[in-house]
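Peer 1: Please find one structure pasted underneath; my questions will follow.
The values are calculated or read from the model by the stated rules, or taken from the named source; none is laboratory data. Bear in mind that the values here come from a model prediction, so they are computed numbers and not experimental data. Ideal geometry is used to build each Cβ from the backbone, glycine not excepted, and the neighbour counts take in all protein chains shown.
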Amino acid sequence: MPVNDPQWGRRGGGDERGGSGGNSGNGSGNRNQGPPDLDELWRNFNDRLGGLFGRKRSGNGRPDRPPGGFRQFGSGALLLVVLVFVVWMASGYFIVDARQRAVVLTFGRFTRTATEGLNWRWPYPIQSHELVNIQLVRRVIVGYHETGGVRQNVPRESLMLTKNLNIVDVQFEVQYVAVDAQSFVFVDRAPEETVKQVAETAIREVVGNNEVDFVLYGDRNAIQESTKKLMQEILNRYKIGVEVRSVNIQGVNPPEQVRAAFDDVVRARQDSARLINEGEGYANGVIPGARGAASRLLQEASGYRDSIVANAEGEASRFRQILAEYEKAPAVTRDRMYLSAMQDILSSTTKIIVDSKSAGNMLFMPLDKILQSGAAAAASSSPDGGAAPQRPTQADTVPGSGSDTASPRTRDLLRSRDRDQR
């Protein structure tokens, strides 16, 4: 039997009890059921769909519309419309994280900024929203780019001119955050590219205002702070809602073509600094010692001066006192002065020469031997005993003039005594 036959699957087989087969039209007897007809499946689907909207089939198999069917169809459609509207309105709810701000747009135009929590807007296509993370630290790099963890220089961005017309290679990174969601979304179409261009402009101005030595070997923090301040001023004029957090210089180097010459200059400066430090260390060791010795000599000279001045003042004071006494009694004062002078002279000498007028000879008294004899006698009288040397009893006479061996002060005193005796 072909599949397109309307009776396919409806004709029954013979009776299971061995009959020749019953009448298939009245449905008596057991039938050999086959697969369902496609037309029957389609009819059943239409019946169920019509029942959903208030229709039911008549006895002849055609759909019939009972009284009130249109009313049932309208109520079902209204319920479906209400359900779709509720779902559409519920799609307007959205949640904003604490780190984010939501920019609500009405037909693409800014309406308001939603804060954290559960918010609602008119569903699409009336309104839409765009989330902006205001705590996310974004970054741009200038002078290089990273590919697979490998850094590659970009000379067009990194080469800069200094104040003294030298070229340096500067690579740095800028970190920033979006503080105003509306401005960050609407004012600039590409805020990241704008921040990069502003960073490149600011660093070129800072480098151009300084010499190459300061850029290469100077205070790098000062360059970073100056660049950050200048960038913020420019971005505030643009009003794109961006705040610069930090500027980090990754490297400042001379160009590759002249790097060897710069390295030689660096080594020469290091040697110069080393020699200067050694010289300063030697000077710090020698100069304090010299200053200490000079101070000691100055103090000794000052003490010597004070002592000389004090002695001179004492001598002058004593001379004035002696002069006053001399004016009162000249002879007595001269004798006393003579005796005092001779006492001072004889106490510091071990030999005495006495001038003799009779024979033109001088009497020599060996006081050193006399003193030695006295010391030996004292030793002999000590408890341990000992023979005392014989003490000389006579003076030796030395021919010649006595004026050659006596001191000038002694000769002056002797002449003064002779004049007084005459």
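Peer 1: Against the definition (buried (at least 18 other Cβ atoms within 10 Å of the Cβ), of a type in the set (A, V, I, L, M, F, W, C) and not in a strand (DSSP E or B)), how does VAL185 come out, yes or no?
Peer 2: Numbers: buried (at least 18 other Cβ atoms within 10 Å of the Cβ): yes; of a type in the set (A, V, I, L, M, F, W, C): yes; not in a strand (DSSP E or B): yes.
Spelling it out, VAL185 is indeed buried (at least 18 other Cβ atoms within 10 Å of the Cβ), of a type in the set (A, V, I, L, M, F, W, C) and not in a strand (DSSP E or B).
Peer 1: Further question on the same structure: Please go through segment 166-182 and give me each residue that is touching a helix residue (DSSP H, G or I) at 6+ places or on another chain (Cβ under 9 Å) and farther than 13 Å from ARG139 by Cβ, ordered by number.
Peer 2: ASN166, ILE167, VAL168, ASP169, VAL170, GLN171
Peer 1: Just name the residue that is surrounded by the most Cβ atoms within 10 Å (Cβ to Cβ) out of those in segment 321-351 that are more than 26 Å from ILE370 (Cβ to Cβ) and among the polar types (S, T, N, Q).
Peer 2: Here the residue is THR333.
Peer 1: Separate question: Filter segment 112-135 down to the residues that are β-branched (Val, Ile, Thr) and closer than 13 Å to ALA181 by Cβ, then identify the one that is nearest to the chain's Cα centre (by Cα). First the steps, then the outcome.
Peer 2: Going through segment 112-135, the residues β-branched (Val, Ile, Thr) turn out to be 113, 115, 126, 132, 134.
Narrowing the set further to residues that are closer than 13 Å to ALA181 by Cβ leaves 113, 115, 132, 134.
Details: THR113: 40, THR115: 38, VAL132: 34, ILE134: 29 Å.
Out of the qualifying residues, it is ILE134.
Table: residues versus (1) surrounded by 11 or more Cβ atoms within 10 Å (Cβ to Cβ); (2) not assigned by TED's automatic domain parsing to the domain that holds ILE203.
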position: MET231; (1), (2): yes, no
position: SER246; (1), (2): yes, no
position: ALA260; (1), (2): no, yes
position: GLN270; (1), (2): no, yes
position: VAL286; (1), (2): no, yes
position: ARG305; (1), (2): no, yes
position: PHE319; (1), (2): yes, yes
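Peer 1: A further question follows. How many of the residues in segment 75-104 are assigned to a strand (DSSP E or B) and touching a helix residue (DSSP H, G or I) at 6+ places or on another chain (Cβ under 9 Å)?
Peer 2: Kept after step one, since they are assigned to a strand (DSSP E or B), are these residues of segment 75-104: 93-96, 100-104.
Pick out the ones that are also touching a helix residue (DSSP H, G or I) at 6+ places or on another chain (Cβ under 9 Å) and you get 100-103.
Residues flagged as assigned to a strand (DSSP E or B) and touching a helix residue (DSSP H, G or I) at 6+ places or on another chain (Cβ under 9 Å) within segment 75-104 amount to 4.
Peer 1: For the subset of segment 88-118 comprising residues that are closer than 19 Å to VAL187 by Cβ and β-branched (Val, Ile, Thr), which member is surrounded by the most Cβ atoms within 10 Å (Cβ to Cβ)?
Peer 2: Among those residues, the one meeting the criterion is VAL103.
Peer 1: For residues in segment 161-182 being polar (S, T, N, Q) and more than 17 Å from VAL247 (Cβ to Cβ), which is surrounded by the fewest Cβ atoms within 10 Å (Cβ to Cβ)? Please lay out each step first, then the result.
Peer 2: Here is the first cut: in segment 161-182, the ones polar (S, T, N, Q) are 162, 164, 166, 171, 175, 182.
Checking which are more than 17 Å from VAL247 (Cβ to Cβ) leaves us with 162, 164, 166, 182.
Values: THR162: 18, ASN164: 10, ASN166: 18, GLN182: 14.
Looking at residues that are polar (S, T, N, Q) and more than 17 Å from VAL247 (Cβ to Cβ), I get ASN164.
Peer 1: Among the residues of segment 233-258, how many are of a type in the set (Phe, Trp, Tyr) and under 20 Å from the mean Cα position of the chain (by Cα)? Full working, then the answer.
Peer 2: Keep residues of segment 233-258 that are of a type in the set (Phe, Trp, Tyr), which gives 238.
Subset that is under 20 Å from the mean Cα position of the chain (by Cα): none.
Total meeting the criteria: 0.
Peer 1: Might you check whether a residue that is more than 20 Å from ALA178 (Cβ to Cβ), at pLDDT 80 or above and outside the structural domain of VAL185 (by TED's automatic domain parsing) occurs anywhere in segment 94-106? Spell out how you get there, then give the answer.
Peer 2: Keep residues of segment 94-106 that are more than 20 Å from ALA178 (Cβ to Cβ), which gives 106.
When the remaining residues are screened for being at pLDDT 80 or above, the result is 106.
Filter once more, keeping what is outside the structural domain of VAL185 (by TED's automatic domain parsing): 106.
Yes, segment 94-106 has at least one match.
Peer 1: Still on this structure, I have one more. Out of contact with any Leu (no Cβ under 9 Å at 6 or more places or on another chain), at pLDDT 90 or above and part of a helix (DSSP H, G or I): which single residue out of GLU200, GLU173, GLU205, GLU157 fits that description?
Peer 2: Numbers: GLU173 fails: part of a helix (DSSP H, G or I); GLU205 fails: out of contact with any Leu (no Cβ under 9 Å at 6 or more places or on another chain); GLU157 fails: at pLDDT 90 or above.
Of the residues listed, the single one that is out of contact with any Leu (no Cβ under 9 Å at 6 or more places or on another chain), at pLDDT 90 or above and part of a helix (DSSP H, G or I) is GLU200.
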